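This report refers to the structure that appears directly beneath it.
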């Protein structure tokens, strides 16, 4: 019997579409309040996902979607880092 791999769907905070977790960038907030991009999707903490495209990241920033999902304020430097991550 072939082994069936699970598709882990997550919702993008930019476009609100359900997509495969591997196709998204994860932003994680730790219990101490620090934020970080989680490229491996394995760090402990509250996470929020966004598509790897500029439009979704800009929509998330404009609508403050990350701030609502992670329940904290997001610095504009972090949005710049997310844009670099989607380009690279």
Radius of gyration, Dmax [the stretch 9-87; alpha carbons; angstrom]: 11.1, 30
Spin-label model distance (nm) - residue 63 vs residue 41, 7 Å beyond Cα toward Cβ: 2.1 nm
FRET efficiency, 1/(1 + (r/R0)^6) with R0 41 Å, evaluated for residue 7 and residue 76 via beta carbons: 0.80
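Give me the number: length gained by fully extending residue 17 to residue 53, i.e. 0.36 nm times residue separation minus the C-alpha to C-alpha distance, one decimal in nm.
Details: separation 36, 0.36 × 36 = 12.96 nm, distance 1.31 nm.
Length gained between residue 17 and residue 53: 11.6 nm.
Starting from the exponent 0.38 and prefactor 2.2 Å, build the expected Rg for the stretch 1-54 from its residue count and divide its actual Cα Rg by it.
Numbers: Rg = 12.7 Å, N = 54, 2.2 N^0.38 = 10.0 Å.
Computed over Cα atoms of the stretch 1-54, the ratio equals 1.27.
Values in this text are rule-based calculations from the coordinates and carry no lab data. Just so you know, these numbers come straight off a predicted model, no measurement behind them. Every residue, glycine as well, gets a Cβ built from its backbone with ideal geometry; the counts of neighbours run over all protein chains shown.
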